[in-house]
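Asker: Take this structure first; my questions come after.
The values are calculated or read from the model by the stated rules, or taken from the named source; none is laboratory data. Just so you know, these numbers come straight off a predicted model, no measurement behind them. Cβ coordinates were reconstructed from backbone atoms using ideal geometry, including for glycine residues, and neighbour counts include every protein chain displayed. Side chains are part of the model used for accessible areas, which takes the heavy atoms of the whole protein and leaves out ligands, DNA and RNA. Shrake-Rupley method; radii C 1.70, N 1.55, O 1.52, S 1.80 Å.
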Amino acid sequence: MITVRKTGAALGAEILGVDLSQPMDDATFPHIVALWHEHEVVFFRDQKLTPDQHVAFSRRFGELELHVRKDCCRPGYHELFVVSNIVVDGKPIGSQDAGLFWHSDLCYLKVPSRGSLFYALEVPHDASGKALGDTKFASATAAYNALPEDTRRKIAGLKAVQSYKKGYYRERNAGPRKPLTPEQEAKTPDVEHPIVRTHPFTGKKCLFVNEGYTASIAGMPGTEGDALLNRLIEHSTKPQFVYRHSWRVGDFLLWDNCLVQHQAITDYKLPLRRHMERTTLTGTAPF
Ligand code: OGA
Ligand code: MN
């Protein structure tokens, strides 16, 4: 029996009564998808999943992305992108600095990701037992709905330039990343997407700009475009649109990459370990 507990924030709900390691009947899966679309972020606690089970459940949603940074994926599982500060024999087991800036996964691709399924394997804690390394989620629907009418009119039909390089090098300045290889750069040219994006399943309107990857407003160079973009970006993550998730080992959380953007909080470091794994759903072209 599924029950739902809303977080009380603008988005997010816990789904109780589901063991994701067990076969799921054909009525339960669409129910979960509908709850996800309604609440934008949903999570299940106390899950025990093998990598194969994580991938298998993710595949029910459709095709999975293989991350351009293959060195950050779990060995033998190009579908599982590892986010972790753990280093084994001098080699990081995954991306050590994913998501420092607000972003939406793969928003810089022509066809961005539909959503991401994130599983917590190790969570850092402070001396008092409080979990560290939270993730913040901001509702792009709440942000859009709260825009003044004249701003909505102004941005209707506009596109923004989304740039992997902007995001990558910005995170690189803050962390230990190597420069991109020419091959990685060739796979990630800048793209343009509507600033007001329509969610493909629910028709909800979303404000699709973010601090991490949105470089400019297409066709609006100079200070006018920059000022508008900065205003939209600043608006998009106001506290009233945000849910902050405090992780527990065994949490399995789904975020929608059109309905929300997210940001990692790095308030911990080794020897406190964090190990998360993510599958990334292939999406559809934004409109
Ligand atoms: C990601 C990401 C945030 C976090 O994996 O896409 O942004 O808190 N992670 O690790
Ligand atoms: Mn991310």
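Asker: Which value, in nm² and rounded to one decimal, describes the direction-averaged projected area of the C-alpha convex hull of the chain? Please report the intermediate quantities before stating the final value.
Answerer: Working: hull surface 61.8 nm².
One quarter of the hull surface, i.e. the mean projection, equals 15.5 nm².
Asker: Run the simple label-point estimate for N145 and E122 please: 7 Å along Cα→C-beta, distance reported in nm.
Answerer: Calculated label separation equals 4.0 nm.
Asker: Right, something else. Could you tell me what % of all Cα pairs in region 142-287 have separations over 23 Å?
Answerer: Values: 4766 of 10585 pairs.
The answer is 45 percent, as a whole percent.
Asker: Let me ask something additional. Let me see the pair-distance distribution of region 206-245: every alpha carbon pair, 5 Å bin width, integer percents in order.
Answerer: Reading the bins upward from 0: 5, 23, 28, 23, 10, 6, 3, 1.
Asker: Suppose all protein chains stay in the model; what accessible area per residue would a 1.4 Å probe give for region 3-281, in Å²?
Answerer: Values: 12290 Å² over 279 residues.
Value for region 3-281: 44 Å² per residue.
Asker: Could you check which residue among A156, A264, A218 shows the biggest mean-square fluctuation in a GNM of the chain with a 10 Å Cα cutoff?
Answerer: Comparing A156, A264, A218 in the GNM, the peak value goes to A156.
Asker: Modelling each spin label as a point 7 Å along the Cα-to-Cβ direction, I'd like the K6/Q184 distance in nm, to one decimal.
Answerer: 4.2 nm
Asker: Leaving ligands, DNA and RNA out of it, rank I217, I265 by accessible area with a 1.4 Å probe, largest first. Write out the running numbers ahead of the final one.
Answerer: Details: I217 5, I265 35 Å².
Ranked from most to least accessible, the order is I265, I217.
Asker: Kindly write out, for region 82-98 in residue order, the coupling ³J(HN,Hα) from the Karplus curve 6.51 cos²θ - 1.76 cosθ + 1.60 (θ = phi - 60°), rounded to whole Hz, with x marking Gly and Pro.
Answerer: 9, 10, 6, 9, 7, 10, 10, 6, x, 10, x, 7, x, 6, 8, 9, 6
Asker: Same structure again: Using 0.36 nm per residue of separation minus the Cα-Cα distance, give me the extension gain between D226 and L272 in nm, one decimal. Don't skip to the end; give the middle numbers.
Answerer: Values: separation 46, 0.36 × 46 = 16.56 nm, distance 3.90 nm.
The D226-L272 span can extend by a further 12.7 nm.
Asker: Under a 10 Å cutoff between Cα atoms, tell me which one of L272, L254, L100 has the largest fluctuation in the Gaussian network model of the chain.
Answerer: It is L272.
Asker: Right, something else. Among 11-18, 132-139, how do they line up by average Cβ neighbours within 10 Å per residue, starting with the highest?
Answerer: Result, highest mean first: 132-139, 11-18.
Asker: With every protein chain left in place, what is the accessible area of V41 in Å² (1.4 Å probe, nearest 10)?
Answerer: Counting only protein heavy atoms, V41 exposes about 0 Å² to solvent.
Asker: Grab the DSSP H runs of the chain that are 4 residues or longer, score each as -39,500 (n - 2.57), total them, divide by all residues and round the 222 nm result to the nearest 500 deg cm²/dmol. Write out the running numbers ahead of the final one.
Answerer: Numbers: 7 runs with 65 residues, N = 287.
The per-residue figure over the chain is -6500 deg cm²/dmol.
Asker: Past 27 Å, Cα to Cα, is the threshold; run K178/K205; K166/K205; K159/K269; K48/K269 against it and keep the listed order.
Answerer: Numbers: K178/K205 37 Å; K166/K205 25 Å; K159/K269 38 Å; K48/K269 25 Å.
The answer is K178/K205; K159/K269.
Asker: Rank-order 21-34, 67-80, 106-119 by packing density, defined as the average count of other C-beta atoms within 10 Å over each peptide's residues, highest first.
Answerer: Result, highest mean first: 106-119, 67-80, 21-34.
Asker: For K130, give me every one of the aspartates and glutamates with a C-alpha distance below 19 angstrom, ignoring sequence neighbours fewer than eight places off in its own chain.
Answerer: By straight Cα distance, K130 reaches D46, E122, D251, D267.
Asker: OK, next. Report the calculated FRET efficiency for R45 and D97 (r = Cβ-Cβ distance, R0 = 22 Å), to the nearest 0.05.
Answerer: 0.25
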